[in-house]
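Peer 1: Can you read through this structure? Questions will come right after.
The values are calculated or read from the model by the stated rules, or taken from the named source; none is laboratory data. What you see is a predicted model, and the numbers here were worked out from it, not measured in a lab. Cβ placement follows ideal geometry from the backbone for every residue including glycine, while neighbour counts extend to all protein chains displayed.
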Amino acid sequence: MPSMNIGQASAASGVSAKMIRHYEEVGLVRPPKRTLSNYRTYSGNDVHVLRFIKRARSLGFPVTDIKALLALWQNKGRSSAAVRKIARAHVDELKRKIAALESMVQALEHLERHCHGDERPECPILEHLEGAARRNQD
């Protein structure tokens, strides 16, 4: 595959040019080769790495985990146990976040059920938020 500019690499990988530059800045991808005019150039392997990152991001992996996963992916002598450990920790974190979101939904549904939703000014939703704000001031 011939070398590509950032727009072509973006189209081939499905990763926006802005995100490609960001991944370079945070060290997820190596700095690209440059032309004499200082334009970035990307190889087919670079696009393959970008696709790997995109799939990892679509599963919600944070950048630090993606760095570790990339290193493991590129190390043919890796232990699958190391990969599984990263995945398990991510699953556990996702489950914690899901539980927190479910708790928020339940609290908001409870407040909504108790709100008359009419012309009266009394509103348990606002009263709850006011009470939380007041407690945080103290």
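Peer 1: Can V63 be described as in contact with a Leu (Cβ under 9 Å, 6 or more places away or on another chain) and either among the β-branched types (V, I, T) or touching a residue at least 24 places away in the same chain (Cβ under 8 Å) (or both)? Break it down into steps so the answer makes sense when it comes.
Peer 2: Working: in contact with a Leu (Cβ under 9 Å, 6 or more places away or on another chain): yes; either among the β-branched types (V, I, T) or touching a residue at least 24 places away in the same chain (Cβ under 8 Å) (or both): yes.
Yes, satisfied.
Peer 1: Specify which of the listed residues (D118, D92) is among the acidic types (D, E) and at pLDDT 90 or above.
Peer 2: Being among the acidic types (D, E) and at pLDDT 90 or above holds for just one of D118, D92, which is D92.
Peer 1: Let me ask something else about it. So which pairs qualify, if the first residue must be in segment 84-99 and without any contact (Cβ under 8 Å) to a residue 60 or more places away in the chain, the second must be assigned to a helix (DSSP H, G or I) and surrounded by 10 or more Cβ atoms within 10 Å (Cβ to Cβ), the Cβ gap must be under 7 Å, and the two must be at least 6 apart or on different chains?
Peer 2: I86/D65; I86/A68; I86/L69; H90/D65
Peer 1: Return the residue satisfying two criteria in turn: it lies in segment 1-24 and is touching a strand residue (DSSP E or B) at 6+ places or on another chain (Cβ under 6 Å) and not in a helix (DSSP H, G or I), and of such residues it is surrounded by the most Cβ atoms within 10 Å (Cβ to Cβ).
Peer 2: Looking at the filtered set, the residue picked out is M4.
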